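A quick write-up on the structure given underneath.
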Amino acid sequence: MTEPGSAPHGGRGVSVAAPNDLAAQAGVGVARDGGNAVDAAVAAAFTTMVTEPGLVSLTAGGFVSVQPEDGEPVTVDGGVEMPGRGLPPERFGHGVWEVSTAYAGGTRMTIGPGSVATPGAVKALEKAWQLHGSLPWRRLLEPAVEAAAGFPHGSASHYYLSYVHEHIFGWHPESRAAIHTADGEVVPIGHPVVVPHLAETVARLADEGADALYRGDLGALVAAHVTDGGGILTRDDLAAYEAVVRPPLVVTTGEWQLATNPPPAAGGVAVAALLALLDGLPIGRSWSADELRVLAHAQALVLGAGLADPDTEKGRTQRAEELLERIRTTGRPGLTSPSTATVSAVDDRGGACAVTVSSGYGSGVTVPGTGLSLNNCLGEQELVAAGPHSLPPGTRLSSNMAPTVGRRAADGAGLAISSPGSDRIPTAIAQVLALFTAGADLPAAIAHPRMHVRVRPQDDPPVLLDHEEDLPVPQDTGFTLRSMPAHSMYFGGVAAALWTPAQGLQAAGDPRRAGAVAVHAG
């Protein structure tokens, strides 16, 4: 492995927002040793992937957006790929089945060994560290190694598993043992979760880097277990995978230049399109009735644009460009009438890093002898509409993930923001950014009530406006309204970190999830 340059002596100032305290403390811990925002985000992300069972795992896909201290922002694409390189046609279409759960108001998903996509998060985190990290790789993974030996079960993971523990994680012996008590209940909140062999696996990644999973014995074990179960992930798929460094999609809102996940992923395009449609709104630090009508119609337009529909990366990029061009040329006229985890970090030199990782809903498969819980990203039906094995091997799947970083030109302030939440990711991020750039402080912008326009043509009604009960949505939006409890986990879990020269470091988590924040002043 190539180590980046040596760390500066003494601690760096860093703020971190993460899903749990272990992850947040992992980030500020490396800052005490001189780590920058990227080091902090990588450490926190690895600890997150170990300590949020069901929600995310080390076999996730993921994206990392970086605003360096100096230079232009970049996004590292570690999105999942369609596997199956070299397999004959008759091997496809097996090892999967559909389940339905009450999670998120009713969700259908495809699980089993055949739902496992080629993962990319570990590769993306390693690439971001190689480009912009400052501490040794092993140091960044130390907190995850320690956590993997046993960690307290968090409330967000427990909430999700309470819906799916039997359907998804109950049929495979290793998965069942990892998250259930002896009497078959989900491990209670605060009680220790110990996944056999997981600590040894993370230690190997710390010693050998990502190649342990992609070209080493770990990858061989994963591929063999998947293909033995009827899946299509092979050693060739793992060995061929590379994280892709892309120029981000850049949008200016107020005084901020924001950089988010570019095509062929859909999430960042949706964020950019929503911010363009909302430019200048809200006028105050909350939404007026007329502004909520605009917000609802903007979401319906963007989420109904079919950004994830084309089968090819080229097709999804073209669809994104068409939507953004339509917004650029027409403006706002006519609008006036699911299981991810996220980390955001900034440092005291204006560097920012936002990470979002997703294992889908989980395939239910845990590879014996490794502790690795496998993704079901081929089984996210909203992203692979034609079926889990419908794309050519090597195709990068679409994604709603949209980690975003920003810089304010006037004073060099840095911002990192990201959210989990399936198709609610872009709507959550856009609403927070619109409020924040309109003058709301970061915690208030995140805590503010939200809406999400759910566009699912196969459902009845095909368009449904979900909103938190304390958001006063007008009845005349033209959409069917569904009220949900205040601060519902359904509406995402935004994590944001901010540094300004005047006010220093700040981090804010979302009351909708059991997020944690930590600040090391340096």
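Does Leu274 count as at pLDDT 95 or above and within 22 Å of the chain's Cα centre (by Cα)? Against the criterion (at pLDDT 95 or above and within 22 Å of the chain's Cα centre (by Cα)), Leu274 does not qualify.
Quick one: in the range 88-122, of everything that is among the β-branched types (Val, Ile, Thr) and within 20 Å of the chain's Cα centre (by Cα), which residue is surrounded by the fewest Cβ atoms within 10 Å (Cβ to Cβ)? Lay out the reasoning, then the answer.
Taking the range 88-122 first, the residues among the β-branched types (Val, Ile, Thr) are 96, 99, 101, 107, 110-111, 116, 118, 122.
Narrowing further to those that are within 20 Å of the chain's Cα centre (by Cα): 107, 110-111, 116, 118, 122.
Numbers: Thr107: 19, Thr110: 21, Ile111: 29, Val116: 36, Thr118: 31, Val122: 26.
Here the answer is Thr107.
Listed by position, the helices (runs of 4 or more DSSP H) contained in the range 172-281 that have at least 3 residues being more than 28 Å from Lys127 (Cα to Cα) and assigned by TED's automatic domain parsing to the domain that holds His153 are 173-179.
There is no residue in the range 295-313 that is within 21 Å of the chain's Cα centre (by Cα), assigned to a loop (DSSP other than H, G, I, E, B), at pLDDT 90 or above and at positive phi. The set of residues from the range 23-68 being polar (S, T, N, Q) and farther than 20 Å from Glu380 by Cβ comprises Gln25, Asn36, Thr47, Thr51, Ser65, Gln67. Within the set Arg85, Arg32, the sole residue that is surrounded by fewer than 20 Cβ atoms within 10 Å (Cβ to Cβ) and farther than 24 Å from Gly350 by Cα turns out to be Arg85.
Name the single residue, out of those in the range 314-363 being polar (S, T, N, Q) and over 30 Å from Pro388 (Cα atoms), that is modelled with the lowest pLDDT. Once the filter is applied, the top-ranked residue is Ser337. Just one residue in the set Glu69, Glu126 is more than 28 Å from Tyr160 (Cα to Cα) and in a loop (DSSP other than H, G, I, E, B); that residue is Glu69.
Annotation for the range 389-407: at least one member residue is outside the structural domain of Gly95 (by TED's automatic domain parsing), within 24 Å of His172 (Cα to Cα) and either in contact with a Phe, Trp or Tyr (Cβ under 9 Å, 6 or more places away or on another chain) or modelled with pLDDT under 95 (or both).
Listed by first and then second residue, the pairs with beta-carbon distance under 9 Å, at least 6 apart or on different chains, first residue in the range 39-54 and in the same structural domain as Tyr160 (by TED's automatic domain parsing) and at pLDDT 95 or above, second of a type in the set (Lys, Arg) and part of a helix (DSSP H, G or I), are Asp39/Arg139; Ala43/Arg139.
Please pick out the residue among Pro449, Pro457, Pro474 that is in a loop (DSSP other than H, G, I, E, B) and under 14 Å from Ala300 (Cβ atoms). From the options Pro449, Pro457, Pro474, the qualifying one is Pro457. Among the listed residues Val463, Val494, Val517, identify the single one that is modelled with pLDDT under 95, touching a helix residue (DSSP H, G or I) at 6+ places or on another chain (Cβ under 9 Å) and among the aliphatic types (A, V, I, L, M). The conditions single out Val463. Taken as a whole, the condition of being farther than 20 Å from Thr47 by Cα and either buried (at least 21 other Cβ atoms within 10 Å of the Cβ) or among the charged types (D, E, K, R) (or both) does not apply to Leu221.
The values are calculated or read from the model by the stated rules, or taken from the named source; none is laboratory data. Bear in mind the structure is a predicted one, so any value in this text is a computation, not a measurement. Here Cβ is always computed from backbone atoms with ideal geometry, including for glycine, and neighbour counts include all displayed protein chains.
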